Amino acid sequence: MEEKIKVNSLKAWFLGIRPTSLGASLMTVLLGTGLAHGFNSDLFSWPIAIMCWLFAWCMHIAANLINDVVDYNRGLDKSDPERIDRIYANGLLTKKVAYATISICLALGCLIGLGILYLVWDHLLWSGWEIVLMGLVVILCTFLYSTTFAYHGLGDLAVLLCFGLIPVCGTFYVLTYTVTWDAIWASVVAGCSIDTLLIVNNYRDRDEDYEAGKYTSVGILGEPFGRYFYLIAGLICVTMVVLLYLDGAISWIGLLYSAVPYLILHIGSWVKLNRIREGNALNIIYYESPRNFTLLGLLLTIALW
């Protein structure tokens, strides 16, 4: 890896922000916008929807780099040429560049959040303070995930909150000025499907994490739990899509073309996980999981729209 990628090159930076994971934050906004458009197309605003997406990406990139820096500083991530996701640990992204990217992303995210607040201020139920609170929680979790939550078995809960409830319901709220049960169901779809990426990451690194003092849910509850947790997270997603159908948010055709392909892909990834079980060979499931939940997000957004 070190012979092919130059230190602080654009390629190193691009790999360092983990582009394959960014479909997660895009999915959350897509679901919120799709649901909002289906709920009330007259209130729908493209500028606000795009700003929500940009805010989500800024915070996600910052969180990815913070996680890499913290794990390396704690001695958890070590140089491994076979692990392309360890650009910082492999010395291909310097501290200066990583910190600059984090600072710029956080600053841009805050500016975009203030822009959203300005555009919707007069329509909100609690004078905009609810948006401020959600933004503060996201910024706080961006730091606390890597420094606290991920090391004490709370990573999955943080993902459900910051890649589910807040972005999906938040996007829906600034576009419709209300929150419905359908927004809750959609947020669980996003949170649980995106959590499959964290689950397989923690499953792959379970022994290394536990020895280094990082106590993830998989490390605490064991290898069998990790395998079935991955399966159950996907089944919960499909259940929530069924609830969206029962509530009338999507048609039965939308239910079929969104839930069925995801279910097939998810179970296929789970079968591979059961066969491989350990080592860097699990990277294939690590890269399949974003494919699975991004496809689900796109298809479900179309159904909701």
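Just so it is clear, none of the values below were taken in a lab; they were calculated from the coordinates. All values derive from a computational prediction rather than experimental measurement. Backbone-built Cβ (ideal geometry, glycine too); neighbour counts: all protein chains shown.
General remarks:
- Amide H to amide H distances under 5 Å link Y215 with H152, G153, where only residues 5 or more positions off or on other chains count and H is placed in the peptide plane.
- Charge dipole (the stretch 10-304, unit charges on Cβ, about Cα centre) - positive-most of V188, A249, Y203: Y203
- For the stretch 10-304, a crude dipole built from +1 on the beta carbon of Lys and Arg and -1 on the beta carbon of Asp and Glu, taken about the Cα centre, is about 580 debye to the nearest 20.
- Gain in span if fully extended, I284 to K6, counting 0.36 nm per residue against the direct Cα distance: 97.6 nm
- Residue exposure sequence - F293, F225 - by fewest surrounding Cβ within 10 Å: F225, F293
- Once both labels are positioned 7 Å from their Cα atoms along Cα-to-Cβ, the gap between T180 and S127 label points is 3.0 nm.
- GluC sites (Glu not before Pro) restricted to the stretch 185-279 and DSSP loop, no more than 13 other C-beta within 10 Å: E278
- Each of I112, I276 has some number of other Cβ atoms within 10 Å of its Cβ, and from fewest to most they run I276, I112.
- Counting only DSSP H runs of at least 4 residues, each contributing -39500 (n - 2.57), and dividing by the residue count of the chain, the helix-based mean residue ellipticity at 222 nm comes to -24000 deg cm²/dmol.
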